[in-house]
Amino acid sequence: MKYLVMVQCTQADYEGMRGKANEISPAWSQEDVQAMYAFMGAINDDLAETGELVDAQGLTEPARTRQVALGEDGKPVITDGPYPEAKEFIGGFWIIDAPSLDVALELAAEASKACRGKVEVRPFQT
């Protein structure tokens with residue numbers, strides 16, 4: 001079964017990872033950031049070794065987001081992010097082909113520790 005494992009974040013989380021403490025995220029040191037990347041890399045290596053990794057990517061901060069929607073005239077309207085109505089964004093993801101939901105949840109638990117945040121697991125429709 002394939003699962004999408006998504007790391008959730010906010011713009012404030014990205015600021016914290018840049019060393020700028022705020023009301024949502026403490027300042028991360030460069031060592032903290034490097035440890036997170038190393039940990040995520042190790043997860044990717046383990047998943048690749050077992051054949052469960054389909055894809056994994058980190059995404060840029062919400063401030064670099066663009067949203068496309070149809071305007072009232074039916075033409076596309078493009079706006080820059082982040083968007084106040086969205087509290088959380090996807091900061092990165094894995095697509096895995098795992099034997100069970102329990103395996104996907106184990107990955108999510110490890111990723112949650114590394115990124116200090118929420119991780120969502122969604123099975124692909126079959």
Pick out the one residue from Gly74, Gly91, Gly58 that is of a type outside the set (Lys, Arg) and in contact with an Asp or Glu (Cβ under 9 Å, 6 or more places away or on another chain).
-> Gly91
Which condition number does Val68 fail, the rest of (1) part of a loop (DSSP other than H, G, I, E, B); (2) surrounded by fewer than 12 Cβ atoms within 10 Å (Cβ to Cβ); (3) not acidic (Asp, Glu) being met?
-> (1)
Restricting the search to segment 84-111, which residues are closer than 19 Å to Thr10 by Cα and either touching a residue at least 24 places away in the same chain (Cβ under 8 Å) or open to solvent by less than 20 Å² (accessible area, probe 1.4 Å) (or both)?
-> Ala86, Lys87, Glu88, Phe89, Ile90, Gly91, Gly92, Phe93, Trp94, Ala108, Ala111
Could you grab me the full set of residues in segment 48-65 that are open to solvent by 100 Å² or more (accessible area, probe 1.4 Å) and not basic (Lys, Arg)?
-> Glu49
Look at Glu88 and say whether it is in contact with a Ser or Thr (Cβ under 8 Å, 6 or more places away or on another chain) and closer than 16 Å to Val7 by Cβ.
-> yes
Out of Asp45, Asp13, report the one residue that is of a type outside the set (A, V, I, L, M, F, W, C), open to solvent by less than 80 Å² (accessible area, probe 1.4 Å) and within 30 Å of Glu106 (Cβ to Cβ).
-> Asp13
Which one of these is part of a strand (DSSP E or B) and either at pLDDT 95 or above or of a type outside the set (Phe, Trp, Tyr) (or both): Gly74, Gly16, Gly91?
-> Gly91
How about segment 94-126: which of its residues are in a loop (DSSP other than H, G, I, E, B) and not charged (D, E, K, R)?
-> Ala98, Pro99, Ser100, Gly117, Phe124, Gln125, Thr126
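Restricting the search to segment 27-42, which residues are open to solvent by 80 Å² or more (accessible area, probe 1.4 Å) and more than 15 Å from Glu110 (Cβ to Cβ)?
Gln30, Glu31, Gln34
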Verdict on Ala63 being within 17 Å of Met1 (Cα to Cα) and touching a residue at least 12 places away in the same chain (Cβ under 8 Å) = no
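The values are calculated or read from the model by the stated rules, or taken from the named source; none is laboratory data. Since this is a predicted model, take the numbers as computed values, not measurements. Every residue, glycine as well, gets a Cβ built from its backbone with ideal geometry; the counts of neighbours run over all protein chains shown. What goes into the accessible areas is simple: the full protein's heavy atoms, side chains included, and nothing from ligands, DNA or RNA. Shrake-Rupley method; radii C 1.70, N 1.55, O 1.52, S 1.80 Å.
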